[in-house]
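Enquirer: Quick one: the structure is below, questions incoming.
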Amino acid sequence: MIRFRSFPLLSVSLSILVLVSVLGTAPAHAQQRGEEIQTADYDVQTLTYPELRDFEVPDPERMKLDNGMTVFLLEDRELPKVNAVARIGTGSVFEPAEKRGLASITGSVMRTGGTASMSPDSVNKVLESVGATVETSIGETSGSAYMSALSENIDTVLPVFADVIRDPAFAEEKVQQQKSQRRSIISRRNDNAQQIAFRELDKLVYGEESPYARTPEYYTIDRIGRQDLVDFHEKYFEPSNVYLSVWGDFDADAMKERIRDQFADWPAAEDFESPTPPEPTTNREYSVNVAQKSDVTQSTIMMGHPGTLTRDDPDYAPVTVMNEVLSGGFSGRLFQSVRKEQGLAYSVFGNYSAGYNRPGRFFAGVFTKSGTTVEATEAVLEEVKGMRENPPSEEELSLAKDSYLNSFVFNFDTKKR
């Protein structure tokens with residue numbers, strides 16, 4: 001357990017470490033032989049580039065089964081493979097506080113624990129025999145199941161994929177195995193200072209009892225039994241709560257029939273309503289908190305507060321540009337000021353996030369030497385304050401917008417996205 005002490009910031013002397021990288025130096029063996037290194041001079045302003053090809057956002061075909069399950073199909077003949085991702089409206093925010101860790105364990109044992117018709121070893125053997133993959137997991141606000149197989153093996157792998165989603169067996173020995181692994185993770189979670197900082201920031205921002213800050217403990221893992229996994233799955237894995245995306249080398253009409261064969265008879269629960277993630281608590285007061293870790297010689301500093309933005313907020317686009325100005329890589333204000341000019345950090349960052357169906361949060365962080373903890377913290381706060389008092393210049397805005405737009409295409413560099 002991490003124990004906090006609160007005290008005012010103290011002023012300490014500034015110490016800067018500058019690392020200099022010399023580029024273009026002749027190799028040692030060439031210098032020893034006295035050879036002249038040939039170079040070429042040119043004006044980068046005269047470089048020309050071919051016009052970029054037109055880019056079109058893929059438009060998947062959509063269908064909805066009678067039981068409420070939504071399916072997206074996208075043909076892609078580049079490789080002889082078929083891939084699928086199912087997104088399920090569930091997550092750790094819906095698990096009982098006294099059984100923290102239940103959602104994650106459920107997501108893992110869905111895959112490792114076999115199905116109603118296949119033992120765990122049978123599932124593994126079938127997939128290994130054709131070089132296919134089926135994976136499952138449950139995160140904070142969503143669950144997922146992933147499948148990848150050669151197109152010639154789709155009729156072997158798709159039934160297994162559907163069986164894992166619909167009828168996991170949750171074999172007892174696999175449940176116990178996962179519980180043991182979770183205990184091991186708990187035992188090591190204070191080894192890494194950065195993991196501590198991110199975890200404890202959530203507790204400070206949202207409150208320790210918030211579903212967005214709770215962490216599994218030994219006693220909550222001990223309380224979880226196989227029936228809890230069965231009940232959790234039964235409650236949230238319902239056809240109208242599932243979005244299935246399939247892409248790859250297939251004929252869309254034929255794939256529709258395969259999907260109907262595997263999922264159309266999945267019965268829909270009466271009066272089921274997709275769960276809505278709880279609203280994050282926002283009544284946190286200003287505080288300065290310190291967690292001591294004696295085996296490191298550096299400070300990991302995190303700061304933040306609850307946000308109010310969701311993806312459909314009209315301010316989402318301006319905030320996206322603001323994030324680029326504040327922390328957009330080498331050109332961001334935080335990097336330029338805190339790291340480059342003041343030499344106070346080897347990593348500095350910040351972001352105002354926005355969730356799809358819940359508000360995001362603002363956070364900023366800096367990793368620095370222990371002796372420059374206060375200076376680095378104040379430098380980050382000054383840049384955050386400067387976003388309000390010193391609006392971005394036209395040059396900063398142009399660079400930020402170009403940076404975002406030029407990288408936007410990479411949202412579609414794989415059909416999995």
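The values are calculated or read from the model by the stated rules, or taken from the named source; none is laboratory data. The shown structure was predicted, so the numbers you read here are calculated from the model rather than taken from an experiment. We place every Cβ from the backbone using ideal geometry, glycine too, and count neighbours over all the protein chains shown.
The rows are residues; the columns are (1) at pLDDT 95 or above; (2) buried (at least 17 other Cβ atoms within 10 Å of the Cβ); (3) not hydrophobic (A, V, I, L, M, F, W, C).
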site	(1), (2), (3)
204	no, yes, no
216	yes, yes, yes
224	yes, yes, no
227	yes, no, yes
248	yes, yes, yes
270	no, no, yes
279	no, no, yes
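Enquirer: Within the bounds of the stretch 313-331, is there any residue that is within 20 Å of residue 201 (Cα to Cα) and part of a loop (DSSP other than H, G, I, E, B)?
Expert: no
Enquirer: From 333, 258, 339, 311, which residue is in the same structural domain as residue 210 (by TED's automatic domain parsing) and of a type in the set (Lys, Arg)?
Expert: So the residue among 333, 258, 339, 311 that is in the same structural domain as residue 210 (by TED's automatic domain parsing) and of a type in the set (Lys, Arg) is 258.
Enquirer: From the residues in the stretch 281-296 that are surrounded by 10 or more Cβ atoms within 10 Å (Cβ to Cβ) and out of contact with any Lys or Arg (no Cβ under 9 Å at 6 or more places or on another chain), which one is nearest to residue 377 (Cα to Cα)?
Expert: Taking the candidates together, the pick is 288.
Enquirer: Between a residue in the stretch 185-198 that is at pLDDT 90 or above and any residue that is in a helix (DSSP H, G or I) and not aliphatic (A, V, I, L, M), which pairs come within a Cβ distance under 8 Å, given they are 6 or more apart or on different chains?
Expert: From residues that are at pLDDT 90 or above, the pairs are 186/218; 189/195; 189/199.
Enquirer: Something else now. Would you pick out the residues in the stretch 382-417 that are loosely packed, with under 15 Cβ neighbours inside 10 Å and closer than 14 Å to residue 348 by Cα?
Expert: 382
Enquirer: Could you please let me know if residue 248 is on the phi > 0 side of the Ramachandran plot and out of contact with any helix residue (DSSP H, G or I) (no Cβ under 6 Å at 6 or more places or on another chain)?
Expert: yes
Enquirer: Within the stretch 349-371, is even one residue in the same structural domain as residue 309 (by TED's automatic domain parsing), over 27 Å from the mean Cα position of the chain (by Cα), assigned to a helix (DSSP H, G or I) and closer than 30 Å to residue 207 by Cβ?
Expert: Yes.
Enquirer: Go through the stretch 64-86 and give me each residue that's farther than 19 Å from residue 411 by Cβ and crowded, with 16+ Cβ neighbours inside 10 Å.
Expert: 65, 67, 68, 69, 70, 71, 73, 75, 81, 82, 84, 86
Enquirer: While we're looking at this one, here's another question. State all residues of the stretch 318-372 that are without any contact (Cβ under 8 Å) to a residue 24 or more places away in the chain and of a type outside the set (Gly, Ala, Ser); if no residue qualifies, say none.
Expert: Listed by number, the residues that qualify are 318, 330, 335, 336, 339, 340, 341, 346, 349.
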